[in-house]
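Reviewing the structure listed below.
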Amino acid sequence: MRPHGAGAHGYHVPMIQQQLDGHEKDLGGGFVVRRVLPHARRRSVGPFIFFDHFGPAEESPGANHDVRPHPHIGLATVTYLFEGAMMHRDSLGSEQLIEPGAINWMTAGRGIVHSERRPAHLRDARYVNHGLQLWTALPLAQEEAEPSFSHTPADAIPECSVGDARVRVLVGEAFGARSPVPALSRTLYLDLWLPAGGRLELPPLAQEQALYPVAGGVESDGAALAERRMAVLEPGRPTTLFAATDTRLMLVGGDALDAPRHMWWNFVSSRKDRILQASADWEAMRMGTVAGDPEFIPLPPARFNAS
């Protein structure tokens, strides 16, 4: 029997296809995120086209890291917190406190407007915010779907033990567990914990998949993957993960995109003219509002180039 990573003639096939560094981006007011996708060398992993890691960051009473109302089309936002809290409001009338361990899935479809602000009960408190916000591109057939918002509380997310690992199945299906989150395409999103000295035999769970250590590093068949660095795995091949220290890492993936996507600002579409239309609609304030919140984020001054 050939070991993992050995090809037909016994030579080594690396299980990590690419390693991607993120870059720091200030979203305003000193709120800095680490953006890993889209990357110059990799635009997507499965349906995931955007990957932001924020925090851990201390929120003080005087800090204002609120995200004012802004629009989206053609995508779903996926918000997951490790620590802290955020208040989601949108143009459908949804109002949801986002807390650690829950999955908040917002399907933009033909268009939605939302904000993410500091909850009122934490306005004068000090606390730590730490989490991930990801986007998935909607399938071609659902790009113009009716917008919707779905909140899945932490206690509804399935959890299982696999090898030495503890696994939460946030979206999709893995290891016999299925998440109730209503994704519109084959999508996989896992939260994995490995103790110091722990191993996990990770099968190819999706057509495309990538690992991202949030805290602690990991080895994939002996190849080191540092904290806050994404590893796109070789398709169709298993890998053995080993953690020298306590490690928390995320797995993202799913079926490859069904067509190329254009992404500009907060808009995603298979059609350039649709992004131009969304830009005009937002500028004319035709995309809706968040009730009771008159603020908004304007279009960037450098406009989408459709040529």
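The values are calculated or read from the model by the stated rules, or taken from the named source; none is laboratory data. Since the model is a prediction, treat every value here as computed from it, not as a measurement. Counting neighbours? That spans all protein chains shown, and the Cβs are built from the backbone with ideal geometry, glycine included. Only protein heavy atoms, including side chains, enter the accessible area calculation; ligands, DNA and RNA are left aside. Shrake-Rupley method; radii C 1.70, N 1.55, O 1.52, S 1.80 Å.
Taking a sphere under 15 Å around the Cβ of His88 and counting the other residues whose Cβ falls inside, with K and R at +1 and D and E at -1, yields a net charge of -2. Relative contact order of the chain, taken over Cα pairs closer than 8 Å and 6 or more residues apart, is 20 percent.
Entry comment: accessible area of the chain is 43 Å² per residue, from protein heavy atoms only and a probe of 1.4 Å.
When the solvent-accessible area of the chain is split by element, carbon and sulfur atoms take up 50 percent of it, the probe being 1.4 Å. Derived scalar couplings between HN and Hα for the stretch 242-250 equal 9, 10, 6, 10, 3, 9, 10, 9, 10 Hz in order, rounded to whole Hz, by the Karplus curve 6.51 cos²θ - 1.76 cosθ + 1.60 (θ = phi - 60°), x for Gly and Pro. What the phi angles of the stretch 268-280 give under the Karplus curve with 6.51, -1.76 and 1.60, with θ = phi - 60°, is a coupling list of 10, 7, 7, 10, 5, 5, 5, 5, 4, 5, 4, 4, 5 Hz, glycine and proline written as x.
Please sort 293-300, 165-172, 98-105, 196-203 by packing, taking for each peptide the average over its residues of neighbouring beta carbons within 10 angstrom, highest first.
The packing order, highest mean first, is 165-172, 98-105, 196-203, 293-300.
Would you work out the relative contact order for the stretch 160-307, in percent, from Cα pairs under 8 angstrom that are 6 or more residues apart?
Numbers: 281 pairs, mean separation 30.2, N = 148.
Reported relative contact order: 20 percent.
The calculated FRET efficiency for Arg186 paired with Asp155, based on their beta-carbon distance and R0 = 25 Å, is about 0.50.
Once you divide the Cα radius of gyration of the chain by 2.2 N^0.38 Å, the number left is 1.01.
In this structure the amide hydrogen of Leu138, modeled in the peptide plane, comes within under 5 Å of the amide hydrogens of Leu75, Ala76, none closer than 5 places in sequence on its chain.
In this label model, Ser148 and Ala244 are separated by 4.6 nm, measuring between points 7 Å along each Cα→Cβ vector.
Ranking Ala102, Ala259, Leu233 by Cα position along the charge dipole of the chain, where only Lys, Arg, Asp and Glu carry charges on their C-beta atoms, puts Ala259 farthest toward the positive end. Give me the net charge for the shell around Glu201: Cβ to Cβ below 11 angstrom, other residues only, Lys and Arg +1, Asp and Glu -1. Summing Lys and Arg as +1 and Asp and Glu as -1 gives -1. Estimated from the Cβ-Cβ distance and a Förster radius of 30 angstrom, the FRET efficiency linking Ala125 and His262 is about 0.15. Can you give me the C-alpha center-to-center distance between the stretch 238-307 and the stretch 78-109, rounded to a whole angstrom? What the calculation gives is 16 Å, centre to centre.
Between the residues Phe175, Ile49, Val162, the greatest Cα displacement towards the positive end of the dipole of the chain, with unit charges on the Cβ of Lys, Arg, Asp and Glu, is found for Ile49. The 3J(HN,Hα) values that the Karplus relation (6.51, -1.76, 1.60; θ = phi - 60°) gives for the stretch 120-128 are, in residue order, 4, 6, 10, 4, 10, 10, 9, 7, 10 Hz. Gly and Pro appear as x. Each Lys or Arg adds one and each Asp or Glu takes one away; over the other residues whose Cβ falls under 10 Å from the Cβ of Val36, this sums to +3.
Going by the alpha-carbon gyration tensor, a ≥ b ≥ c the square roots of its eigenvalues, is the stretch 19-142 rounded (a/c under 1.5) or, if a/c is not under 1.5, prolate (a/b greater than b/c) versus oblate? Oblate shape, in that a/c is at least 1.5 and b/c is the bigger or equal ratio.
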